[in-house]
Each structure stands twice: as structure tokens, then as C-alpha cells.
Amino acid sequence: MRTPQRSVPPASSDSESFLVVKISKRSALFLTMGLIVVAAAIVLRPAQNAPAAADGVTAVTSTPAEPGAAPASEQSSREPSPATMPGSATDSPKPINAVASEPERAPTAAPPPPREPAPTPVVTRQVTTYLPYQPTVSSVQPDSSSADSPPTPQTNDSGSPSSSTPTPDPSSPTPTVSPAMIIGAGSASPYPLYSKWFEAFQKLHPDVEFNYQSVGSGAAVKQLLEGTIAFGAVDAPLTDQQLKLAKVPVVHVPSVIGGVVLVYNLPGIRDLQLTPHALAGIFTGKITSWNDPQIVAPNPGLLNLPSIPITVIHRSDGSAPTQIFTDYLSKVSTEWQHQVGEGPSVDWPLGLGAKGNEGVSALLKEYHGAITYVDFQFAMANHMDFAFLQNRSGHFVKADLRSLSLAAAASEIPDDFRVWITNAPGDDAYPVASFMWFLAPERSPADIGARDFAQFLRWTTRRDPQTVAAKLNYAPLPEELLERVNRAIARIH
């Protein structure tokens, strides 16, 4: 008898498909989570043995680090934080959740140990002063060769301080001396010379500085009397009335000698000779033509003096040349003295006016047959031809350094040097010469500024500064006056 077999119903095809799909989704989820964990482990693992990228950015590889201690050079290098680790240039793309950092250059070798900074050398500056001694600056030794010469630092052949100069202890404070500023003002005429003197003296004595304003003699006198400047530079001595306004006595110190020359526009005429009478006649309008007998008579060699009118040109501004020239005319012509007089500005009987040496010389070129007066220094600098003038001894003399100095040497000079040396005696003295002066008040011995300025004035009377003056067409002081000039300087300090 056949035993009946139990039949098993076949599985449903829908259930079988559902199970397969369910298993697939779970596997994919686990696989994705595993990949994320692996990627995170790679990114968050510290970088070791990172090769340097060619562009200077540190490259981080994803290969595992070799076991064992890293070399000393790598241990001393920086260890970036996981959040700022840059990706490798050769590895798989960086995960999207990595944070980029600022590129940095990875060191390829251990940096050398830092060098100790070299100690800064202590430079000793020697300061020259005019005090007999200065306890705080022991490196300055006074020069006993000259009483007027201030001490100077010892130097070697190159001009730098000698190695024998002691170097102070760096731990002790370096002594300092405040520079002295000497403020002055005055005429523009001697400024080219004075500026050279100031510069040369300051090179010898760096602790003394000058501040000179070329504002004119009148403004300088006003400031000096008000006490706002230490010294003045003028082309005319102070009057008695001006001296009464001074709070303290004012000392006049001659510096150099200048002059006024007569220039003319007569092409082809050179070495013209003029007498005092002819000059006064020209500037009063009594002589009006260049072939006037009073001009022709002293010029026998000039047979071609033209019969053209004389055009007089004068300064329209107050000036030292006008003061000097009119002082001369007042001495040689009684008529001029009574009708016009002398001063920095006068009421001219005739003529065309212009301002400054530049103005009158420019106007001179425009008028054929014109005549005017300018500073000797200006005429020399501009290569202007000027006339010979008949002096007090009857000789015709042309202005030059020698004839200007001789005018001072032949004149009677009072002790205060307040004098005009026009129309001076002497065969070779030029008749329209004049001193240029420094002005300074008498001071107490304790006044440092007065001491420094007096030292400068003594220096200007020496041979070298006077030679510089001659090269700039300022006549040097005559030798016989220098001792008296230094006695006047002693009243300042």
C-alpha cells in the first residue's frame, strides 16, 4: 500500500523578491557606512613622511606611516591640526568635508640654530665747544696752539676719529651737548659771503648753527633793537638816534669792504674816466650829453664819445648802494649836498627808477647812452664794464680788491667803526668804498650765544676766511685794522 507523500506548496515568488531587496539595502547601508569610516580615518590620521609639493604647498599622502620613531628633523617640524591638514597632490580626491588651510612651506631640513646677534658698536661723537674745558666730554682735548682756536677732535688720515680716542663704557650714558643756534638777519648784499662763512665755521664747530635771514638792513636793525635776533648784518652804521633806542650798547664789527661802481651803456667805449664834478653834473641834470666838454676833457684817448643824450637810471627802493653813492656825492659837491643830500633813498632830480641791482642793470640795457650805479660785487659777477673815478688825490682809479682795501687803510677810523670811508685820501684809494658790518649787543660773560658769535667773528678776521671773501669779490680788511677789530669783538664777549 502506497503511503501518501505530503506535498509542500511552492514558495511564492513575491516573498522571495522582497527578501532579496531587503538584504541588498542593508548591505549597501553597511557598505556605505564602512567606506565613510575608512575615509574619515584616512583624513584624520596625522601626516607622516609628507613629500613637499613643487609649488611650495605641503602635500600629505594617505599611505600609513612607518612604525617607529620619526627622524629628528621631522619631529621638530610642525604638526598641523586635523582640521587644517591640506590634501595630497598625488592621493585620491580630498573628501568634501575637509577644511582647507593656508598653504605653508614644509621644511626639508632642520633649520640652523639661531645666531646670536652681533653687539652694536658704540660710536663716540666728539663735540667741539668753546668752553675752556667740559668735564662731561673728557675725549675732547683743548688745543693750546692758539688761544682763539677751539678744541678739535683728533682724526686720522681719513678724517674719522682716531683709534686713540677712548670709547666710553656702553653701560654708562653718552654725554651730549645741545647745539647752539645763533639767529641773525640783515642785508642781502653780503649774504653770498656770509653763507660761505657760516658753513665753513659750522664744519669746524658742529655744535654751533646759524640761522640768517636776508631781510635787509632796515628790518635787521629793527629786530636787533627789539632783541629778537642775536646779531645783524648791515651796509650802513647805526645813527645816533638808533643807538639811543637800543636797550644795551651795540657793537659795530667790520667784516669786509665793498664799493659802488658806475656802469654805462656805450658800445665800443671802454675805460671811461669821470671826475667828481662830471658825476654830480650828470646826476643833477646839468650835463646831458656824452660829448659834453667836462666828459671829453679827462678822456683824451676816447675820440669817439657820441653826441647822444645821457639817460640817468637810479634805484627806486631804499638801498645801501644809494646811501654810499649819495654820501660820496655830498662830499664832492656842495650843490648836491644842499639840494639832494644823502641817504638810502633820496628825491632824485631826474632819471628812471628801478628796484635792485638787477632792475637797474636790466633797464640800462634798454637805453643806449644810459648810466647807473651798482654794487662792485654785482658788476664783477656779471662782467660789467665800469668807469674809472677820480679820487681825492686826483688820480683816476678803477675799483678792485686792492683799491677798496686801500680806501679803508687810508681813512681815519674811529674806535666804534661807525664811519663812511667814501672820498678817502690816498693815491690808489677808490673813492666810493664802504665797510660792511656785523652788529651785536654787548653781553655778559655768562652769555653762551654771545661767546659763540664772538668766536665766529674772531675767526672771520683770520687769513683763510678773508681769502674766501676776496674770491667772492669782497675786499679783505687791511692788516693794520685787524687788531682794533678784535678789540671791538672783545666787547661782545
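The values are calculated or read from the model by the stated rules, or taken from the named source; none is laboratory data. Predicted, not measured: the structure shown is a model, and the values here were computed from it. Glycine gets a Cβ as well: all are built from the backbone with ideal geometry, and neighbour counts include every protein chain shown.
Values for this structure:
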{"quantity": "One residue from 317, 292, 327 being in contact with a Phe, Trp or Tyr (Cβ under 8 Å, 6 or more places away or on another chain) and acidic (Asp, Glu)", "calculated": "327"}
{"quantity": "Some residue of the stretch 228-242 being among the hydroxyl-bearing types (Ser, Thr, Tyr) and closer than 25 Å to residue 479 by Cβ", "calculated": "no"}
{"quantity": "Residue in the stretch 471-483 that is touching a residue at least 12 places away in the same chain (Cβ under 8 Å), assigned to a loop (DSSP other than H, G, I, E, B) and closer than 19 Å to residue 250 by Cβ present", "calculated": "no"}
{"quantity": "Filter pass, residue 490 being among the small types (Gly, Ala, Ser) and out of contact with any Pro (no Cβ under 9 Å at 6 or more places or on another chain)", "calculated": "yes"}
{"quantity": "Residue in the stretch 453-460 that is within 19 Å of residue 193 (Cβ to Cβ), over 23 Å from the mean Cα position of the chain (by Cα), not hydroxyl-bearing (Ser, Thr, Tyr) and not in a helix (DSSP H, G or I) present", "calculated": "no"}
{"quantity": "Unmet criterion (only one of (1) part of a loop (DSSP other than H, G, I, E, B); (2) polar (S, T, N, Q); (3) surrounded by 20 or more Cβ atoms within 10 Å (Cβ to Cβ)) for residue 393", "calculated": "(3)"}
{"quantity": "Search result, residues across the stretch 443-478 that are modelled with pLDDT under 95, among the acidic types (Asp, Glu) and out of contact with any strand residue (DSSP E or B) (no Cβ under 8 Å at 6 or more places or on another chain)", "calculated": "447"}
{"quantity": "Hey, residue 408 touching a strand residue (DSSP E or B) at 6+ places or on another chain (Cβ under 9 Å) and crowded, with 16+ Cβ neighbours inside 10 Å or not", "calculated": "yes"}
{"quantity": "Selection count, the stretch 282-300, where residues are surrounded by 15 or more Cβ atoms within 10 Å (Cβ to Cβ), within 50 Å of the chain's Cα centre (by Cα) and touching a residue at least 60 places away in the same chain (Cβ under 8 Å)", "calculated": "4"}
{"quantity": "Test for residue 386: is it under 28 Å from residue 229 (Cβ atoms) and either surrounded by 17 or more Cβ atoms within 10 Å (Cβ to Cβ) or out of contact with any Gly (no Cβ under 7 Å at 6 or more places or on another chain) (or both)", "calculated": "no"}
{"quantity": "Filtered residues of the stretch 445-481 (kept if surrounded by fewer than 16 Cβ atoms within 10 Å (Cβ to Cβ) and charged (D, E, K, R))", "calculated": "462, 463, 464, 471, 479, 480"}
{"quantity": "Some residue of the stretch 446-453 being assigned by TED's automatic domain parsing to the domain that holds residue 343 and hydrophobic (A, V, I, L, M, F, W, C)", "calculated": "no"}
